[in-house]
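Only one structure is covered here, and it is reproduced in the block below.
The values are calculated or read from the model by the stated rules, or taken from the named source; none is laboratory data. The model shown is predicted, which means the values in this text are computed figures rather than measured ones. Positions of Cβ are backbone-derived with ideal geometry, glycine not excepted, and every protein chain shown enters the neighbour counts. For accessibility, only protein heavy atoms count, side chains too; no ligands or nucleic acids. Shrake-Rupley method; radii C 1.70, N 1.55, O 1.52, S 1.80 Å.
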Amino acid sequence: MKTVTFAQKDEVPALGQGSWYMGDEPSRKADEIASLRRGVELGMTLIDTAEMYGSGKSERVVGEAIAPMRDDVFLVSKVLPFNASHEGTIEACEASLSRLGTDRLDLYLLHWPGPHPLEETIAAFEALQKAGKIRHWGVSNFDLNDMTELMSSQGGDQVATNQVLYNLTRRGIEWDLLPQAREDGFPIMAYSPIEQARLLSKPDLASLASDLSLTPAQLALAWVIRKSGLVAIPKAGTVSHVEENARALEVTLSDGTLTELDRLFPPPTRATSLAIL
Ligand code: NAP
């Protein structure tokens, strides 16, 4: 099984689970909980949420799902940039912990660059680490210039990940952000790895997947985690989608398939600004 390692010590399967929009529709809640639990059983133990998602509703669903299996889960949440002052970060984390029904997060991210000085947010992350409320911290939606600023901030080199948009149709990070993360020694967490399901209806992808006896989702996910240092967090609200996606953990794509995917979805040929959803 492919894995990634956070902070040089926590090894986690390279396919996790997202949770954006979970909890928004009460009639879907039981399916969402069953899906998250099945995903963990199948090895997708990293679960990503955020205080922003449904203003805490996603964290509540995730909390309910993981209650019987907390120790099996690598739990990730995020603080909103506007809350990321020193005191605001600590308050936001405590509110997330309460909604999630747990005493600790495995990874706590700044959702995107915001108005508060990075050093203030980092100091709050360090205080939360000392208090045992978070194990690691990281960032999300940080472009190369944001990462340069982070790395030159006090304590910034302890960043455990940058969570960014990455899939076959959003390959911009391959030009600079991904190689830089490798050099700095932390994994990239790929969000919207199937482009919120829009990728799945691309005929060329479907045809190539079918030739390989895979589904388009399995091919797209296996592609994201084809190299070390990449973890993908697809969101699936049904057990059948989770079971389908989990198979991508076992798929190794041949050089020929990777070349064909490069032809269909070309890699970047110049630097571009980081795309955001
Ligand atoms: P995504 O994972 O690319 O796609 C989710 C969509 O794909 C859902 O509609 C889901 O439907 C569908 N789906 C999943 N598996 C499928 C399958 N095998 N066959 C057909 N449809 C399938 O998009 P995302 O939710 O935007 O991104 C994933 C996670 O990344 C989020 O949930 C969130 O945790 C995180 N994220 C972070 C940021 C950030 O700014 N840091 C931004 C966006 C997302 P069902 O629910 O019906 O299964």
Of everything in the range 190-212, what is touching a residue at least 40 places away in the same chain (Cβ under 8 Å), within 10 Å of the ligand (Cβ to nearest atom) and not hydroxyl-bearing (Ser, Thr, Tyr)? Give them in sequence order. Ala190, Pro193, Ile194, Gln196
Given (1) touching a residue at least 60 places away in the same chain (Cβ under 8 Å); (2) under 17 Å from the mean Cα position of the chain (by Cα); (3) within 26 Å of Arg226 (Cβ to Cβ); (4) not in a helix (DSSP H, G or I), identify the lone condition not met by Gly39. (4)
Selection from the range 216-268 of residues open to solvent by 50 Å² or more (accessible area, probe 1.4 Å), under 19 Å from the mean Cα position of the chain (by Cα) and within 11 Å of the ligand (Cβ to nearest atom) yields Lys235, His241, Glu243, Glu244, Arg247
Could you please give the count of residues in the range 96-114 that are in a helix (DSSP H, G or I) and open to solvent by 40 Å² or more (accessible area, probe 1.4 Å)? 2
From the list Ala67, Ala7, Ala14, which residue is away from the ligand (no atom under 14 Å from the Cβ) and on the phi > 0 side of the Ramachandran plot? Ala7
When only residues in the range 171-181 that are more than 14 Å from Ile225 (Cα to Cα) and of a type outside the set (A, V, I, L, M, F, W, C) count, which is farthest from the ligand (Cβ to nearest atom)? Pro179
Does Thr148 meet the test of being surrounded by 23 or more Cβ atoms within 10 Å (Cβ to Cβ), over 18 Å from the mean Cα position of the chain (by Cα) and not charged (D, E, K, R)? no
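Residues are listed down the side, and each one gets a yes or a no for (1) open to solvent by 10 Å² or more (accessible area, probe 1.4 Å); (2) touching a His at 6+ places or on another chain (Cβ under 9 Å):
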{"residue": "Val12", "(1), (2)": "no, no"}
{"residue": "Gln17", "(1), (2)": "no, no"}
{"residue": "Leu42", "(1), (2)": "yes, no"}
{"residue": "Leu75", "(1), (2)": "no, no"}
{"residue": "Pro81", "(1), (2)": "no, yes"}
